[in-house]
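The structure appears right after this line, and notes come after that.
Values in this text are rule-based calculations from the coordinates and carry no lab data. Worth saying up front: this structure is predicted, and the values here are computed from it rather than measured. Ideal geometry is used to build each Cβ from the backbone, glycine not excepted, and the neighbour counts take in all protein chains shown.
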Amino acid sequence: MLGLEKKDTRLFLIVIGLTMLAPFLLNPFPEGSEMAQFNAGYPDLMQRFVIFGIFAIGFNILFGLTGYLSFGHAAFLGVGSYAAMWMFKLFGMNVVPALLLSVVLSGLFAVLIGYISLRRSGIYFSILTLAFAMMSYALAYSVLATDMDGPDKQGLMQKGLTGGETGLQLSVQDPRILGAKAGADGNTPVPNFFGIEMRSATEMNVGDWVFTFSAGYYFSAFVMLIAFYISIRIFRSPFGMMLRAIKSNQQRLNYTGLNPKPYMLAAFVVSGMYAGLAGGLMVAMDPLAGPERMFWTASGEVVLMTILGGVGTLIGPVLGAGLIKYMENILSKINSEILHQWFAWMPDGLEDLVVTLIYPFIGKGWHLTLGLMFMAVVIFLPGGLVEGGQRIMAALRGRKAKDKKSDADADVKPAE
Amino acid sequence: MGILEVKNVGKRFGGLQALSDVNLSVAENTVHAIIGPNGAGKSTLLNCLVGKLIPDTGSVMFDGQSVLGRSPHEINQMGISRVFQTPEIFADLSVMENMMIPCFAKRDGSFEMNGFGAVRHQLDVIEKAKTMLEDMNLYEKRDMHAAAMSRGDKRRLEIAMCLAQEPRLLLLDEPTAGMARADTNNTIDLLKEIKEKRDITIAIIEHDMHVVFSLAERITVLAQGTPLVEDSPENIKGHPKVREAYLGESA
Amino acid sequence: MDAILLQILNGLDKGSAYALIALGLTLIFGTLGVVNFAHGALFMLGAFCAVTLNNILSLSHEIVDETQTDFLGNPLRVEVPYIYDWFGPEVGASIIEWSVPLAILFSIPIMIAVGFIMERGLIKHFYKRPHADQILVTFGLAIVLQEIIKYFYGANPIPTPAPPAFTGSFDFGTMLGFEPGTIIYPYWRLVYFFFAMIIIAGVFAFLQFTTFGMVVRAGMADRETVGLLGINIDKRFTIMFAIAACVAGLAGVMYTPINSPNYHMGMDFLVLSFVVVVVGGMGSLPGAVLAGFLLGILESFASMRQVVDLLPGINQIIIYLVAIIILLTRPRGLMGRKGVMED
């Protein structure tokens, strides 16, 4: 299908199925039940799953294929966000042109940063990308946020290009030459896809279950599917093979008449465009862009996602993004009261002990769990969740094969 | 006029004059060996030929064109392929993929952005890679991880990868260093076979006299960064200067 | 002139911290070949050693003070640190006030233990893995360490004052013959600078004048050869790691009065310290120190009113800008050696 081989087609179909059915799959617990807090099927979180999935897929094209570890990918996320925001402010609330501008601008930005950073490799490359991202952050925070209208005017550029600490926001005074300045209710208008508002949603009640279908989620999911499809094609293309060759032996590549530089730059730019697309989508879901999106911790987060899920694998980054966002939003909500409820069946002393032992790892301490998981993956499971899954499958299959074999042995034995 | 003409090449590293006044002419379709004791400047000379080093003085012409100032991939695209002392292959890729990369390089040049076409649809490249592997008796190992191969197989693969680019000059840097006798003989046979089947010029840097005298039609002896003599193998064997400088201990 | 001197002085304390962290990073990188992203966390742990000692010394019990009464006329209950009971209120109070310098002694065994456990328990398994893996695992460790500190000490900065003898500022300018009031400099920053100089000198002297140091330096230059000589470098490298951890920890202890410690201070400093190491030249100890002070002072100059008016935002980006320019023009940094981290 679509020029993919069988195995990849199957993977792609599974991903399509999962994303389309996500509102059901992520809401397994009935409303009002104790477990309902583990439901992740609400639009805001589902959107984050797929948007960060795009970010991680793009990062994986660079790090997974070429082995170049960028610690500054959040810069492109930020550029994408600001670009989409300005499109909303100047032209209109349709998300398509906004996303296009996000991708184009972050791509151009990646050409600039990549051209310079790729002159070095290894840790130097990591530090260069980090330095560029932190510079972008600092500039977005300060210089680019100064009043460019002049003190006597209250115009579009009053808070500069980026809006500084508070971020770039919509206003009813924005020109928006191709659309309404304000929504029907007089407030700032909402991003839409040719009229379909991103925040519109329908609910479906089945018994105690409530499933929410949000336009924003499905739009993001479609974009992610396209992004995922392109990444499969890149992985299976001669270009992808060259990138893996760069990771494996750059010297041999040079002496095979191939120039690694343009290949690397192309990978860097593609991956930057993915980040920009993710940044644009964030703004399309929630029109607000702040500089903290470019801070190095945001770059670190995408590294965590990619490694946790499985670097260099197709589906890994998406899984990693989902896992981290789930932990961030769900695990972090569990407090000690909930823990006490869960373990209420234990004897009092034991209950307190168990709760005390678990408490540091959940709620506000979820970062600790994340850090430990991440270390465990790097140490024991370099292939991330995907490798873990494969190992479990292999073990199961191995046992089955063994069972069969021993059955066969048992059959043979009486004949002896 | 040889296919490779090295004229008055000199190279200095700090206080060390690694090469001085090197003149070398490799005639087309011959096997030319460059020998010399350790520190004679063999590797430096080789690195000057492939673009890894730029000589301070002199010129290096390949097929009438200067290679100086060009980067390794450009020189490779001109038709010079290099085999390393320890096999340099793409260890993380499969044997087949290893073989396909030089085929792509031959077909598409030094850069081709094909991010959307599947590798498995590049039938011409696959066919060529398959033929090359079959020639080298490596086809059964096509799905193997290249890192998992034996050293001898890695060497064969590396040579096959170089040949896939149809180079006019094949440079070998001590291809049998560290090999057992049997592997060394296999490599000699392989190189002889290559020479018979193709129009190719081979320049070989070697330590092992057995290899040199089994293959070379012409030998240049390098000592202290400068060529001592250039002659046929028979004459080299009897040359007093060479015996003194190089074969002294073993003769 | 006085303005320039003031900026140099202002840059010294940050520069000292950069230099100390970068020194440890370089020691670890140069000897063990490991890129340690958890080094900032060690700096942070040192700072929290000071906080912890302060907390321990201030441990109190409640007594009824008959001499004071609350507004109802009842005797007042007051908290009295145990240390007052043991040494008397005056000595006790000054011990608590001097807790930051005292924490130097307190932190040394702790930091050595932390360094030892880190190296033996985790880092040594990563010697042969790619640099990217080392970065990732130490990055994970840094997250874990800072989250543990956050769990026990909370997310807010904890003010930890310097001893009262050093809390004020003094007019440095008059001592050099400038107008009074032009160069006012806090005592503690000067203390920090001298402290850093002593540590740096100590590390260099140790490497220069002891047999141990000689072997380590030889190992930094050529690990394999030294290994062939039958010298057990691994053990020495463990000790080197502990020393590097100690240097970072002490830098953290003494920094607490300048900046109240919080759980993410390590990462904030780490990012900059890496830039410092790269600017100085990966693997060069003098380079790390030089670049640390240089960038600290540059940062301080870039924050001058006149400079910021001329180039807005320059104070925020100067370090990164310098790093980019250096990396592109002198790939090995200011004093880097050939062949380090060049694959």
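If contacts are Cα pairs under 8 angstrom and at least 6 residues apart, what is the relative contact order of chain B in percent? Please report the intermediate quantities before stating the final value.
Values: 435 pairs, mean separation 69.3, N = 251.
Here the relative contact order equals 28 percent.
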In the protein assembly as shown, with Lys and Arg counted as +1 and Asp and Glu as -1 at Cβ, which of these residues, A:Met204, A:Val303, A:Ile315, has the Cα nearest the positive end of the dipole, that is, farthest along it?
A:Ile315
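Apply 1/(1 + (r/R0)^6) to the Cβ-Cβ distance of B:Glu196 and A:Tyr115, taking R0 = 56 Å, and write down the FRET efficiency to the nearest 0.05.
Numbers: r = 47 Å, r/R0 = 0.84.
Result of the calculation: an efficiency of 0.75.
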Less than 11 Å from a label point 7 Å out along the Cα-to-Cβ axis of C:Ile56: which backbone N atoms in region C:82-107 qualify, by residue?
C:103-107
What nm value, rounded to one decimal, do you get for the distance between C:Thr67 and B:Ser71 when each label is placed 7 Å out toward the C-beta?
8.1 nm
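Distance cut-off 29 Å, Cα to Cα: go down the list C:Lys124/C:Lys150; A:Lys261/B:Lys195; A:Lys261/B:Lys106; B:Lys192/B:Lys237; B:Lys42/B:Lys237; B:Lys7/B:Lys52 and report the pairs above it. Walk me through the numbers before you get to the answer.
Working: C:Lys124/C:Lys150 27 Å; A:Lys261/B:Lys195 34 Å; A:Lys261/B:Lys106 18 Å; B:Lys192/B:Lys237 21 Å; B:Lys42/B:Lys237 19 Å; B:Lys7/B:Lys52 18 Å.
Over 29 Å apart, Cα to Cα: A:Lys261/B:Lys195.
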Pick out, from C:Phe195, C:Ser169, C:Phe269, the residue whose Cα sits farthest towards the positive end of the charge dipole of region C:2-329, with +1 on the Cβ of Lys and Arg and -1 on the Cβ of Asp and Glu.
C:Phe269
Residue-by-residue Karplus 3J(HN,Hα) for region C:207-212, coefficients 6.51, -1.76, 1.60, Hz, glycine and proline x:
6, 7, 10, 10, 4, 3
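Let me have the 222 nm mean residue ellipticity of chain C computed from DSSP H runs of 4+ only, each contributing -39500 (n - 2.57), with the sum over all residues rounded to the nearest 500.
Numbers: 15 runs with 234 residues, N = 343.
For chain C, the value works out to -22500 deg cm²/dmol.
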Just to be sure I understand: with springs between alpha-carbon atoms less than 10 Å apart, which residue in B:Gly238, B:Gly178, B:Gly117 has the highest mean-square fluctuation in the Gaussian network model of chain B?
B:Gly117
Hey, in the GNM for chain B with a 10 angstrom Cα cutoff, which one of B:Glu127, B:Glu97, B:Glu28 fluctuates hardest?
B:Glu127
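By its C-alpha gyration tensor, with a ≥ b ≥ c as the square roots of the eigenvalues, how is chain A shaped: rounded for a/c under 1.5, else prolate for a/b larger than b/c, else oblate?
Values: a/c = 1.75, a/b = 1.26, b/c = 1.40.
In terms of gyration-tensor shape, oblate.
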Tabulate in residue order the Karplus-calculated ³J(HN,Hα) for region A:173-186, using 6.51 cos²θ - 1.76 cosθ + 1.60 with θ = phi - 60°, rounded to whole Hz; enter x for Gly and Pro.
8, 4, x, 6, 4, 9, x, 6, 6, 9, x, 4, 8, x
Taking Cα atoms, the helix A:122-141 axis meets the longest principal axis of chain A at an angle in degrees (rounded to 10) of 40 degrees
Considering chain A as a Gaussian network with a 10 Å cut-off on Cα pairs, which listed residue, A:Val283, A:Val311, A:Val206, attains the greatest mean-square fluctuation?
A:Val206
So for region C:1-63, using the alpha carbon gyration tensor with a ≥ b ≥ c as root eigenvalues (a/c under 1.5 gives rounded; past that, a/b versus b/c decides prolate or oblate), I'd call it oblate
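Under unit Cβ charges (Lys, Arg +1; Asp, Glu -1), what dipole magnitude, rounded to 20 debye, does the protein assembly as shown have relative to its Cα centre? Don't skip to the end; give the middle numbers.
Working: 75 positive and 86 negative charges, 540 e Å.
Taking the Cα centre of the protein assembly as shown as origin, the dipole is about 2600 debye.
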Whose amide H sits under 5 Å from the amide H of B:Ser20, counting only residues 5 or more places off or on another chain, with H placed in the peptide plane?
B:Lys11, B:Thr226
Label-zone membership for region C:1-37, site C:Glu179, 7 angstrom Cα→C-beta point, backbone N under 20 Å
C:1-10
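For every helix of n ≥ 4 consecutive DSSP H residues, a contribution of -39,500 (n - 2.57) applies; sum these over chain B, divide by its total residues, and give [θ] at 222 nm rounded to the nearest 500 deg cm²/dmol.
Numbers: 8 runs with 87 residues, N = 251.
Only helices count here, giving -10500 deg cm²/dmol.
Using only atoms on other chains, find how many Cβ atoms lie within 10 Å of each Cβ of peptide C:274-282 and report the average. The partial results should precede the final answer.
Values: counts 6, 5, 0, 2, 8, 1, 0, 0, 4.
Whole-number average of other-chain Cβ neighbours for C:274-282 is 3.
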For A:Met393 and A:Glu165 in one chain, what is 0.36 nm times their gap in residues minus the Cα-Cα distance, to one decimal in nm?
77.3 nm
Degrees between helix C:2-32 axis and first principal axis of chain C (Cα, 0 to 90, nearest 10):
60 degrees
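Determine the percent antiparallel among the DSSP beta bridges restricted to the protein assembly as shown, to the nearest 5. Mind showing how you got there, number by number?
Numbers: 40 of 58 bridges.
Approximately 70 percent, going by the DSSP bridge assignments.
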Unit charges on C-beta of K, R, D, E only; dipole of chain A, Debye:
1960 debye
About the Cα centre, charge dipole magnitude for region C:115-200 (Lys/Arg +1, Asp/Glu -1 at Cβ), debye
480 debye
For region C:2-329, what class follows from the C-alpha gyration tensor (a ≥ b ≥ c being the square roots of its eigenvalues): rounded when a/c is under 1.5, otherwise prolate if a/b is larger than b/c, else oblate?
oblate
If one computes the Cα centroid of region C:1-56 and of region B:116-146, what distance in Å separates the two points?
54 Å
Want the number for B:Asn137 to B:Ser94: 0.36 nm per residue separation, take away the alpha-carbon distance, what's left?
13.9 nm
Tilt, helix A:238-248 to longest principal axis of chain A (alpha-carbon atoms), in degrees rounded to tens, equals 70 degrees
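Return a whole-number percent for the relative contact order of chain A, with Cα pairs under 8 Å and 6 or more residues apart as the contact set. Each step should come with its number before you reach the end.
Details: 669 pairs, mean separation 106.7, N = 416.
Reported relative contact order: 26 percent.
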Listed residues B:Asn137, B:Ser20, B:Leu228: farthest to the positive end of the dipole of chain B (Cβ charges)
B:Ser20
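Which value in deg cm²/dmol, rounded to the nearest 500, describes the helix-derived mean residue ellipticity at 222 nm for chain A, given -39,500 (n - 2.57) per DSSP H run of n ≥ 4 and division by the residue count?
On the way: 16 runs with 259 residues, N = 416.
Value at 222 nm, helices only, nearest 500: -20500 deg cm²/dmol.
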